[in-house]
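Below is one structure, written out as structure tokens; the observations come after it.
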Amino acid sequence: MRKPYYIYILFFSAILILNIFPLLHAQKSAQKIPLLRVNREYDKRTIVKTSTIPYAGNGLFAAVKIKKGEVIGELGGRLVSDDDSSHGNHYIASIPECAWEKTHPYKYIDSKDYGGNVSRINFAPSEINGIETDFQNAAIEQLCQHPYFILSALKDIEPGAEIWSSYGPNYDYDDFMTLPEVRDFFCGLLKIDCSEKFTYSY
């Protein structure tokens, strides 16, 4: 009469092992990846959800009131060397040269999978057709010491507001910014007609 009982125990034990093993393997693999880790306490200040910008995917939004000058969060990610094959994706950021001695042999981070909330910030132009937009409410700062990248508020940011920044001079903006829907979105915020002329600055 006891055999079915033992069979059930063995059956459920096998299921448990089969489910736990892949998780342990994944955790062990993640530990081998060289990472620039972020302070997750900062991530409580923001949330990631669908951006208000057309076709931008997810964006970064304030979860609490953030005052001008305060740190919004840190940018982390997988550490990348010159030999890495991942160069060219849109989540690659250069570690400042003054920090290379500390991060050797790594000179970049790939923030796609391990970047924290800050990695989902979207770009907004500082000027459109020569007119200052005042869209950018945050800036990414590079540091010579850990954590090497922080996002700071350029102005007071209210809860629920989307956080926008520049990506700097080396980013290829045109493929996205020249989409008619994206152009019209930003020009609409500025209340100008860009149908005949559209230029922007990072």
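Would you be able to say whether some residue in segment 165-174 is touching a strand residue (DSSP E or B) at 6+ places or on another chain (Cβ under 6 Å) and within 21 Å of Ile92 (Cβ to Cβ)? Within segment 165-174, one or more residues are touching a strand residue (DSSP E or B) at 6+ places or on another chain (Cβ under 6 Å) and within 21 Å of Ile92 (Cβ to Cβ).
Taken together, Gly168, Gly160 contain a single residue that is at positive phi, exposed (fewer than 13 other Cβ atoms within 10 Å of the Cβ) and touching a Phe, Trp or Tyr at 6+ places or on another chain (Cβ under 8 Å), which is Gly160. Highlighted here are the strands (runs of 3 or more DSSP E) found entirely within segment 84-202 that include at least 2 residues which are touching an Asp or Glu at 6+ places or on another chain (Cβ under 9 Å), touching a residue at least 12 places away in the same chain (Cβ under 8 Å) and charged (D, E, K, R): 106-110.
Taking the criterion of being out of contact with any helix residue (DSSP H, G or I) (no Cβ under 7 Å at 6 or more places or on another chain) and of a type in the set (Val, Ile, Thr), the residues of segment 34-66 that qualify are Val38, Ile47, Thr50, Thr52.
A short reminder: the numbers here are calculations on the coordinates, not readings from a lab. Please read these numbers as outputs of a predicted model, since none were measured by experiment. FYI the Cβ positions are ideal-geometry reconstructions off the backbone, even for glycines, and counts take in every protein chain you see.
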